[in-house]
Amino acid sequence: MANSDEPESAETTATATVTTAQTDSDLKHSSLRRRPSATSSGGLFDAESAAQEAIRDSGSDDSLNGKNSDEVKDRKTDHAGIGNDIQNDVIDREKVADYKFTYRPSVPAHRRIKESPLSSGNIFRQSHAGLFNLCIVVLVAVNSRLIIENLMKYGWLIKSGFWFSSKSFRDWPLFMCCLSLAIFPLAAFVVEKLAQKKSISEPVVVLLHVVITTVAIIYPVLVILWCDSAFLSGATLMLLTCIVWLKLVSYAHTTYDMRALTVSKEKVAKVVGETVPNTLNMEYPHNVSFKSLTYFMVAPTLCYQPSYPRTPSIRKGWVFRQLLKLIIFTGVMGFIIEQYMNPIVQNSQHPLKGNLLYAIERVLKLSVPNVYVWLCMFYCFFHLWLNILAELVRFGDREFYKDWWNAQTVEEYWRMWNMPVHKWMVRHVYFPCIRFGIPKGASALIAFLVSAVFHELCIAVPCRMFKMWAFIGIMFQVPLVLITNYLQNKYRNSMVGNMIFWFIFCILGQPMCVLLYYHDLMNRKGEID
């Protein structure tokens, strides 16, 4: 019985070996046939014979290992083990065949037309993570040297009362004014409630909203000009005032439009046979809700709507981490301003009244810390603070900015870097002007004009002087938009506009405005003294 079992086992083993060899040969043949090196050799070697040679080499190793018939029987009964061994043998034999045939000296090394990674047609398709890390290392090294050099030259310039001092108590009227701004949304809500009950006519509603929004922005301006407050306190109040004004305008404009749609819904359905699109996502008739207005006033958006997309919960750990980042980057921003920008500005001359070369040198020296401060400001406000606020109120749409750093034109930059203001401009200025028959170019000019006025208010009112530098700087963007759009249309896929944007904003425009406002402010104080 034992004698009869032994030949059967040998026959089965031989059959399995032949089957495995054929299978491996077919796999190796197809694998080598797929490789460009095998097909491009032009008959320099036979892929099937290569696979068989690899199998023979592997088989000779098995024979040297002295496998007996009992081990063969065990492998025959263990199907899973056989499958794994066959798969591993195929992988090993493929590697052997690769080294023996694919990488021979006669195999062509150049098969396709390729571009260098840094060529103009290929540079933006490659990953530049390594170069990004190199830039970080260089920035850390260079700025570490600058920090040490600055400390050795000027010492520690940040005073103990940088964040808070006893003089801050003189700004209490501004703080009270900030708290009293809540009166204006409440007044707007009362007007809308009366309009819903049809207690007042539509012209009266519009007039009351105009009065509320006008007083909402004039009242803080008068308080700032009346009080001898610090620039930071006045700028904070003006920024908050502008936000409240934009929200009030959006609330009044949106509710007006919703009332108009409610009135005309049935008329349009009867005359034209159309219905109000469902994409508006609004309830008809419009229900004035104090809860929706309160949520809108604290939400990180400037465009009112009755409901917003909401997240399911608040991530407390995430909020804590973002708050920690906000504190750190705010400290970095304050350190750069006090330790670097102040000495440069104080040791400079008026850029329009002194030596031209000296003014250029001061502007270029100021441009580097100005870029750092500006980037820290953007990261702290648009990324950290707005996301923290959105998380606390569970606000879902968190597209507060787009990839403005890749903007190829100045127009793209203004569309992407501040999405809340951009959406407000498009919704309440640009398209209403177009609906009134104003051309697109003139509508865009009006949008820039509104932006320039508010930029000037946020800087000129806290400084208590109106030199119009911020207004001129924003309106100067209009010709830059035309120039960069022309260059983009002439030179497709070009980053010329992006270079112009970075040069104007970070090297020329902002440092120049800082010097102009500083020297004008110092001259004003000198005249007062």
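The values are calculated or read from the model by the stated rules, or taken from the named source; none is laboratory data. From a predicted model like this one, the values you see are computed outputs, not experimental measurements. Note that we place each Cβ from the backbone using ideal geometry, even for glycine, and neighbour counts take in every protein chain shown. Just the protein is used for accessible areas: all its heavy atoms, side chains included, with ligands, DNA and RNA removed. Shrake-Rupley method; radii C 1.70, N 1.55, O 1.52, S 1.80 Å.
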Legend entry - Residue selected from the range 264-301 under the condition β-branched (V, I, T) and part of a loop (DSSP other than H, G, I, E, B), by the criterion modelled with the highest pLDDT: T301
Inset, instruction - Might you check whether a residue that is among the charged types (D, E, K, R), in a helix (DSSP H, G or I) and within 29 Å of Y295 (Cα to Cα) occurs anywhere in the range 430-450? - result: no
Inset, instruction - Looking only at the range 340-347, decide whether some residue is at negative phi, without any contact (Cβ under 8 Å) to a residue 24 or more places away in the chain, hydroxyl-bearing (S, T, Y) and assigned to a helix (DSSP H, G or I). - result: no
Inset, instruction - Among what's in the range 197-231 and is touching a residue at least 60 places away in the same chain (Cβ under 8 Å) and surrounded by fewer than 16 Cβ atoms within 10 Å (Cβ to Cβ), pick the residue that is farthest from the chain's Cα centre (by Cα). - result: L225
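So that you can scan it fast, the table gives a plain yes or no per residue for (1) open to solvent by 70 Å² or more (accessible area, probe 1.4 Å); (2) touching a residue at least 40 places away in the same chain (Cβ under 8 Å):
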site: V478; (1), (2): no, no
site: N485; (1), (2): no, yes
site: K490; (1), (2): yes, no
site: M495; (1), (2): no, yes
site: M512; (1), (2): no, yes
site: Y517; (1), (2): no, yes
Inset, instruction - Taking only the range 339-388 into account, find how many residues are within 30 Å of D403 (Cβ to Cβ) and of a type in the set (D, E, K, R). - result: 1
Inset, instruction - For D397, work out the one condition from (1) assigned to a helix (DSSP H, G or I); (2) in contact with a Pro (Cβ under 7 Å, 6 or more places away or on another chain) it doesn't fulfil. - result: (1)
Inset, instruction - Filter the range 395-418 down to residues that are open to solvent by 60 Å² or more (accessible area, probe 1.4 Å), among the charged types (D, E, K, R) and in contact (Cβ under 8 Å) with a residue 40 or more places away in the chain, then give me how many there are. - result: 2
Legend entry - Residue count, the range 237-263 (criterion: surrounded by 18 or more Cβ atoms within 10 Å (Cβ to Cβ), among the aliphatic types (A, V, I, L, M), modelled with pLDDT under 90 and closer than 17 Å to Q196 by Cβ): 1
Legend entry - Single match in L384, L375, L392, L366 (criterion: open to solvent by 50 Å² or more (accessible area, probe 1.4 Å), out of contact with any strand residue (DSSP E or B) (no Cβ under 6 Å at 6 or more places or on another chain), closer than 30 Å to L157 by Cα and among the aliphatic types (A, V, I, L, M)): L375
